[in-house]
Amino acid sequence: MAATAETATASPIGQQTPRIDGSLKVSGKAMYASDFPFPALLYAVPVEATIANGKIQGLDTSEAEKIPGVRAIFHHGNIGKIFRSVKGKGMESICIERRPAFEDDVVRYYGQYIALAVADTFEIAKAAADAVRATYAKGKPNVNPDLKPDPDPDVVETTYGPEHRLQSERGDAEKAFSDAPVKLDQTYVTPSETHNPIELQGATAMWDGQMLTIYEESQAIFNMRSVLAQMFGLPEENVRVITKFVGSGFGSKLWPWTHCALACAAARQLGKPVKLVLSRRMTFQSAGHRARTQQRVRLGATPKGKLVSLMHDYVYERSMLDDYHENCGEATAFQYSVPNLRVQFGRAKRNIGSPSDMRGPGAVPGLYATESAMNELADQLKIDPVQLRLLNEPKIDESLGIPFSSRHYLECLQVGGEKFGWSRRTLGVGSMKRDGLILGWGMAGAAWVAARFAAQATIELRDDGTTRVACGTQDIGTGTYTILAQLASEKTGVPINKVEVALGDTSLPEGPVSGGSMATASVVPAVFAAADNAIASLLTIATTTPGSPFEKRKSDELAFEGGRVFVKAKGSAEGVAFADLLQHADLRFVTGSGKSAETFGERKPKFSTHSFGCHFVEVTWQPMMARLRVNRVVTVIDAGRIINPLAGRNQIEGAVVMGIGMALLEHTIYDPQNGAPINSSLADYIVAVNADVPKLDVHFLDYPDKVLNPVGARGIGEIGLAGIAAAITAATCHATGVRVRELPIRIEDLLESSVLA
Ligand code: MOS
C-alpha cells in the first residue's frame, strides 16, 4: 500500500486548476474565429436599414460598385437562394430570426441588413457599404416601452416549442389573494439589455465544391451546422463549423444570426472565402438582446409572513420576426412554498431586432421581480427578509410535486448572512453609517435550472503516456478546455499537463451547447464513459498481447488506477503503466467512445434539479452628491460539486459584475422616432468596469448532486446573475428610502431620497 500512496495523486476534481489555455490567450496565440488567415480572403460589410418599419423602394448600388477593389454588392436580387430552416425536436436546429436576410423588401427593425458589400479589404467594403443608397416607404416604428400583451391564443409557438400562456397554477390564487390579510401588488420593469461580449460576432465562410466550412464564434456549433445545412440545402456532413476560442457570448452566440448565412451566401457567389465581422453597433441591432419585461407580482400573506398566494403576470417584448420566449416564470413556481399560485405571460411585438437568451434568460429578470416583491413584503410585515424566506421554504418542488435532487437554499442564506454580518443590520432608512457614508444593506435569493444536454466524447490513451479527450462542445471562455482535461485526468491518471483537449469542431463527436449552464454537467458522463471504454479495451489488450505481463489473465482480474494496470489481488504496487502496455503491443493508442442522454426537458422527471444561491449587498450612499456605489457583495452558491473552484469563482464574480451593471447601468434605449438602439456603443451603453466593482466574496457549498452525473456537478455560468439586482435595489432602498422598481436605478430616482444632504 505504501507504493500506492506514492503513485496516487490527489483527484484533479475540485482542484484550483489554472486554465490550460491561459498561456495561449495571454500570449495572443489563441485563434478566435476571425483570426484565421486565408489566401484570397474577401471582406464583407452589411448595409443596415435606417428605418425600423417599412419597405425598401430603391437600392442604388452604382456608386458603391465603382469603387476599385469592390467585388460585389449583394442584395435580394443577386445573393442566390437561402432557404429557411425549421426547428427539430427538442433543442435541435434553433434559430431565433428564421427569416434569412434579403428575403423580401420589408424592413421590420432598424439595422436589418438590406445589402452586403464585399471587397478586397475591410476598408473598401466599408466605403462601399456606406455608398449604397436606399430609399424607403416609411411606416411609424412601434418601439413603445410600455408593454401591453398582444392578443394571443392560450398556447403559443415559441423558439423552444409550444408554451401555455398559463404557465403554472395551483390552488386558487385570485381568491387567496383577495382573502389574504396582507397583500403586496407591484409591477417591476427590466429594460432591454445588450450582451456585449468583447469579441464581436462574425463569420468566415468558404466553399470547396459542395462542402461549406465556417469559422464562427458559436456557443453551439452543431446547432449552427444543422441550421446552415438547411439554409443551403446541404447534407449536414457537408457543413463544418469551427470555433476554437470564444471571447464570451452571454447567450448572444448561442443561435445563428442572419449575418452567418450572408457570409456563406457571398462566399458561394464569389467562389472565395468571405469574412464578415459585425460592428459593435450591429451587435445592438441584429444579434440579440435581453427582452424588456414588465412583471406584475402579487403576494398574499399571513401577518406572520406565511405566503398564501403568489401571482406573477409578465409581459415581454419580441420582434416582428421571432417567437423568442423570455421565461420570467422560470423559478417562480418552485422557489417558495405557497398553496395558491398562478404564473402567466403575454407578449408584445415591437419593431426591434429579435431578443434572445441572455445570461440567465427569464430567471434573471423574473427573480429581480419576485425577489424584490419578497423584500418589499418583508419590509411591509417588519420581518427580516432572510426570515421571510426561511418561513416559506418548500419541502418539495410544489409545482411538479417531486423532490429536489439537492437543495441547500437555507444553508446559502445562513452562510451568506454570517459572512456578511447580516445580524448587525439596523432597520431604519439611512440608519447605518460608516466614514461619513450612509450604508444600505439588502439581500436576495437565486435559482437556476440544472440539467444535461446529450453529449458524446472520445478518449485516447497513447503510447507516450499522454491522453487526448475530444468533444464537440466549445469553450466560451468559461473554462471548458480545463474542465475536460480535469475529467480526463481523473479517469486516466494522466497529469493535466499531459492531457490534450480537442473541442470546437463539428468533425468531433457531437457535444453539448455551451448554454443554460449545462455544458459541464453534460460532458461528465460522456467523458467518463469514454474513459471506461478505453480502459476496457486496454485491459483486453493487456490480457491478449503475447508476452504481456498480464497474458493469460482475465480482464476482470485486472484493475486500472492512476494510469496503471494491475492484478486486483496483488494491488497496484505491481502495476504497469498503460504506455508500456501499448508500446509492447505496438499500438499508438487505444480509444474509447462514450455518450450520455439529455435530461433537459424530461417529461416525467423524478427530481427537480436546480442550483440555488443568494447575495448580500452593501451599498454606500453619499447624499451630498447623490452618489451610490456597490461597496461589498457576499454570494453563496449551491451548484453541486465544483470541479474547478478557480474557474467557478470566476464565473460567479463575472455574473455579479454583470448584476451590478444590470442594477445600476445597463439599458438599451430605442429611439421612438426611427427605432434605432440609440446607445449602441460601449461609450454610451455603460457596463460595470473595475472601478464599479468592490472585492467580491464568493462561497460554494459544494454538495454533489449525483442525480445529474457521477461527479455531482451542476452548472455555474448563470446562477450568479440571478437575484443580484434585487439585492442591490433592496440595499439602495435601505440607504435612500427610494424603492426602484424599474431598472436600471437612475440618479433621477435617487434624488427623491429622503436622505439628502
Ligand atoms: Mo446562456 S444565455 O444559455 O449563453
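The values are calculated or read from the model by the stated rules, or taken from the named source; none is laboratory data. Keep in mind it's a predicted model, so treat the numbers as computed, not measured. Ideal geometry is used to build each Cβ from the backbone, glycine not excepted, and the neighbour counts take in all protein chains shown. Protein only, heavy atoms only, side chains kept; ligands, DNA and RNA dropped before computing areas. Shrake-Rupley method; radii C 1.70, N 1.55, O 1.52, S 1.80 Å.
Over the chain, with the other protein chains present, what is the accessible area per residue in square angstrom, probe 1.4 angstrom?
Numbers: 28550 Å² over 757 residues.
Accessible surface, normalised per residue, equals 38 Å².
Computed extension gain for K419 through K148, at 0.36 nm per residue and net of the alpha carbon distance, reaches 93.3 nm. Highest mean packing first, where packing is the average number of other Cβ atoms within 10 Å per residue, the peptides 551-558, 612-619 line up as 612-619, 551-558. Once the C-beta distance of K433 and E169 is scaled by a Förster radius of 35 Å, the resulting FRET efficiency is 0.15 to the nearest 0.05.
Using a simple spin-label model with pseudo-atoms 7 Å out from Cα toward Cβ, E236 and L646 lie 3.6 nm apart. Between E411 and K552, the simple spin-label model (points 7 angstrom out along Cα→Cβ) gives 5.3 nm.
Taking a point 7 Å from the Cα of I669 along the Cα-to-Cβ direction, none of the residues of the stretch 715-730 has its backbone N closer than 16 Å to it. Where the alpha-carbon atoms of the stretch 502-657 are placed on the principal axes, they occupy 85, 39, 33 Å, in descending order.
Potential lengthening of the chain between F36 and E742 amounts to 249.8 nm, from the contour at 0.36 nm per residue minus the alpha-carbon distance.
Computed in the context of the full set of protein chains, the accessible area of the chain at 1.4 Å probe radius has 53% of its extent on carbon or sulfur.
Tell me, what is the Rg over Rh of the chain, with Rh the Kirkwood radius over Cα pairs?
Details: Rg = 27.6 Å, Rh = 27.6 Å.
In the chain, Rg relative to Rh is 1.00.
Using equal-weight Cα scatterers in the Debye expression, the normalised intensity of the stretch 416-533 in log10 at q = 0.12, 0.20, 0.21, 0.24 Å⁻¹ is -0.56, -1.00, -1.08, -1.30. Taking 15 Å as the cut-off, the amide N atoms of the stretch 296-324 that come nearer than this to a point 7 Å along the Cα-to-beta-carbon line of D179 belong to 300-303, 307-310.
Reducing the stretch 176-235 and the stretch 606-644 to their Cα centroids gives an inter-centroid distance of 26 Å. Across q = 0.17, 0.18, 0.21 Å⁻¹, the stretch 643-757 modelled as identical point scatterers on its alpha-carbon atoms has Debye log10 I(q)/I(0) values of -0.95, -1.01, -1.17, in the order of the q list.
If you take the beta carbon distance between E393 and I686 as r and set R0 to 41 Å, what does 1/(1 + (r/R0)^6) give as a FRET efficiency, to the nearest 0.05?
On the way: r = 37 Å, r/R0 = 0.91.
Efficiency at R0 = 41 Å is approximately 0.65.
Spatially, the stretch 676-711 and the stretch 554-598 are offset by 41 Å when compared through their Cα centroids. Peptide packing: for 511-520, 330-339, 577-586, the average count of neighbouring Cβ atoms within 10 Å per residue gives the ranking 511-520, 330-339, 577-586, highest mean first. Shape descriptor for the stretch 114-231: Rg over Rh equals 1.12 (Cα atoms; Rh from the Kirkwood inverse mean 1/r). In this calculation the C-beta distance from K604 to I67 is compared with R0 = 51 Å, giving a FRET efficiency of 0.25.
Could you please report the charge total around L503, scoring K, R as +1 and D, E as -1 over all other residues with beta-carbon less than 13 angstrom from its beta-carbon? Working shown, then result.
Details: positive: K244, R468; negative: D21, D475, E500, D505, E510.
Residues near L503 contribute -3 overall.
Can you pull the Kirkwood radius for the stretch 349-476, inverse mean 1/r over Cα pairs, to one decimal in Å?
Computed over the stretch 349-476, the radius equals 19.6 Å.
Of the cross-linked pairs K148/K382; K29/K275; K244/K706, those separated by over 24 Å at the C-alpha level are K148/K382; K244/K706.
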